[in-house]
1. Ratio of the range 1-85's C-alpha Rg to 2.2 N^0.38 Å, to two decimals?
2. Calculate, for residue 142 and residue 87, the FRET efficiency according to 1/(1 + (r/R0)^6) with r their C-beta to C-beta distance and R0 25 Å; round to the nearest 0.05.
3. List the equivalent ellipsoid semi-axes of the range 3-157 in whole Å, largest first, each obtained as the square root of 5λ for an eigenvalue λ of the Cα gyration tensor.
4. Got the relative contact order for the chain handy, in percent, Cα pairs under 8 Å and 6 or more residues apart?
5. At 7 Å along Cα-to-Cβ for each site, give me the label-to-label distance between residue 175 and residue 247 in nm.
6. So how tilted is helix 233-243 from the main axis of the chain? Cα-based, degrees 0 to 90, rounded to 10.
7. Suppose the Debye formula is applied to equal point scatterers at every Cα of the chain; what is log10 I(q)/I(0) at q = 0.07, 0.11, 0.17 Å⁻¹?
8. One quarter of the convex hull surface, Cα atoms only: what value does that give for the range 74-135 in nm²?
Ligand SMILES: NC(=O)c1ccc[n+]([C@@H]2O[C@H](COP(=O)([O-])OP(=O)(O)OC[C@H]3O[C@@H](n4cnc5c(N)ncnc54)[C@H](OP(=O)(O)O)[C@@H]3O)[C@@H](O)[C@H]2O)c1
C-alpha cells in the first residue's frame, strides 16, 4: 500500500515518522510532499522517507493519501490535486473542521476518512478519533486504523459531529493541560521554587495523577476525595476552584473549541 503524506508540519511529519518507524510500511511505500523548499531540504537530509516537491510525481501512484495542511489551505490544495486523483484512492484528512462532504466535493472522490489527532502523537501517546464515508470498506478502514495507531491510540466514532466534539476534548486538549500546568508553574515560582524544581514538582504531579487514574476505574471525583480531607489543604484548593466556577469554565472552553471546529468547516 503506497501512502502519501501531504504537508510535513507538526502533524503530517509526526504521522510520517510514526508510519516510517512501524512495521506497517516499508520505506519504499511512504512518500511525503510539502510545498516549502526548506522543509523538503530538511526532510531529504533526514532521509527517513521519499520526499517529493511536485504532486504529479507522487499523488497518482498513492493508494492512501494523508492530508495534513491547515484547513484554510485545503481548497487551493484540492483544486491542484483534483486532476491527479482517482476514485480507488483513500483520503485521510487530519484537518480540523473540514467535512467529509467538502473533501469529496473538492476532490471529486468518495473514499474519505476524517480524523482528529492530537499533538502527543509526536511521542507515540496521541489519540485520534476517526470516521469514514460509507464507500470506505471495513478492510480499508482497518488499514487506516493501523496507520493511525502508529502514533498512539485511536477511536472510531459513528459520525462527524463526534470529530468536531473530539476537537474540543482531545484535539485541542493538550493545550488545556499546558494551560493548567502553566498556572501551577507560576504559583510554584511565586512561592519561591527554582525554575527547575517547579518543573519537576508540576510535571511529576501530572504524570503521577494520570498514572493513578489509568490504574483502575476510580473516577476523578473519588480520587479528589482520597486526596482531600475535610478542613485540609487540598479541600481549600478545590473549594477555591469551585467558588470560582473553574469546572464550568473548563467545560465552556472545550465547547468553544468544538464550536470553532464547526465554524472552520463552514469557512471558505
Ligand atoms: N497541531 C496540532 O496540535 C493539531 C491537532 C489536531 C489537528 N491538527 C490539524 O492538522 C493539520 C496540520 O496542522 P499542523 O499543526 O501540522 O500545521 P503546520 O505545522 O502548519 O503544517 C502544515 C504543512 O503543510 C504545508 N502546506 C501548506 N499548504 C500546502 C500545500 N498546498 N501542499 C503541500 N504542503 C502544504 C505547510 O507549509 P507552509 O508552512 O509553508 O504553509 C506546512 O509545512 C491542520 O489542518 C490541523 O487542523 C493539528
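1. Relative to the 2.2 N^0.38 Å estimate, the range 1-85 comes out at 1.00.
2. Step by step, r from the Cβ atoms, then E = 0.80.
3. In descending order the semi-axes read 20, 19, 14 Å.
4. Numbers: 390 pairs, mean separation 41.9, N = 268.
Here the relative contact order equals 16 percent.
5. Label at residue 175, label at residue 247, 2.6 nm between them.
6. 60 degrees
7. The calculated log intensity ratios at q = 0.07, 0.11, 0.17 Å⁻¹ are -0.31, -0.71, -1.31.
8. Mean projected area for the range 74-135: 4.6 nm², to one decimal.
Here, each number is a calculation from the coordinates, and none is a lab measurement. Quick caveat: nothing in here was measured; it's all calculated off a predicted structure. Every residue, glycine among them, receives a Cβ derived from its backbone with ideal geometry; neighbour counts consider all protein chains shown.
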